[in-house]
Amino acid sequence: MGIRFILMVNKQGQTRLAQYYEYLTIEERRALEGEIVRKCLARTEQQCSFVEHRTYKIVYRRYASLFFLVGVDNEECELDIMFHLEKAHFMLEEMVMNGCIVETSKSNILSPIQLMDKSS
């Protein structure tokens, strides 16, 4: 999956965490974050959690007072997440507990999932 960035934003639209996996200048990042945050925060809970913006597909989810936004390549993502939704939830649960990030190691997060895949 071509993840381009991950954002954590509060309900007021302030970025609390931003991680980019492609080069963007500070100005481009600020503009992109502002546009995406306004677009996602304006949506109702009845609307789906996928938004297309520029060349990205934004997948977002609200947990408590934080929004988690993931920008991926426009042609990827939805089917991967839809067919492996339980894995996406499991990875998030491995990384975040009670609102705190408890694990950042990719191998530690993915090892239980790989064990589940081997057993099934």
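Side notes on the structure shown:
- Lone unmet requirement of (1) at pLDDT 90 or above; (2) surrounded by fewer than 12 Cβ atoms within 10 Å (Cβ to Cβ); (3) outside any helix (DSSP H, G or I) for Val70: (2)
- The set of residues in region 44-53 being more than 16 Å from the chain's Cα centre (by Cα) and either under 20 Å from Leu85 (Cβ atoms) or assigned to a helix (DSSP H, G or I) (or both) consists of Glu45, Gln46, Gln47.
- Members of region 31-63 found to be open to solvent by less than 40 Å² (accessible area, probe 1.4 Å) and of a type in the set (Lys, Arg), listed by number: Lys57
- Look at region 87-100: where a residue is free of Cβ contacts under 8 Å to residues at least 12 places away in the same chain and a partner is surrounded by 15 or more Cβ atoms within 10 Å (Cβ to Cβ) and in a helix (DSSP H, G or I), sitting 6+ places away or on another chain with Cβ atoms under 9 Å, you get Ala88/Ile81.
- Top-ranked residue of region 1-30 - restricted to ones that are in a loop (DSSP other than H, G, I, E, B) and in contact (Cβ under 8 Å) with a residue 60 or more places away in the chain, ranked as surrounded by the most Cβ atoms within 10 Å (Cβ to Cβ): Gly2
- Filtering region 1-29 to residues that are of a type in the set (Lys, Arg) and under 21 Å from Arg62 (Cβ atoms) leaves Arg4, Lys11, Arg16.
The values are calculated or read from the model by the stated rules, or taken from the named source; none is laboratory data. Everything numeric in this text was worked out from a predicted model, so none of it was measured. Ideal geometry is used to build each Cβ from the backbone, glycine not excepted, and the neighbour counts take in all protein chains shown. These area figures cover heavy atoms from the full protein model, side chains too; ligands, DNA and RNA do not enter into them. Shrake-Rupley method; radii C 1.70, N 1.55, O 1.52, S 1.80 Å.
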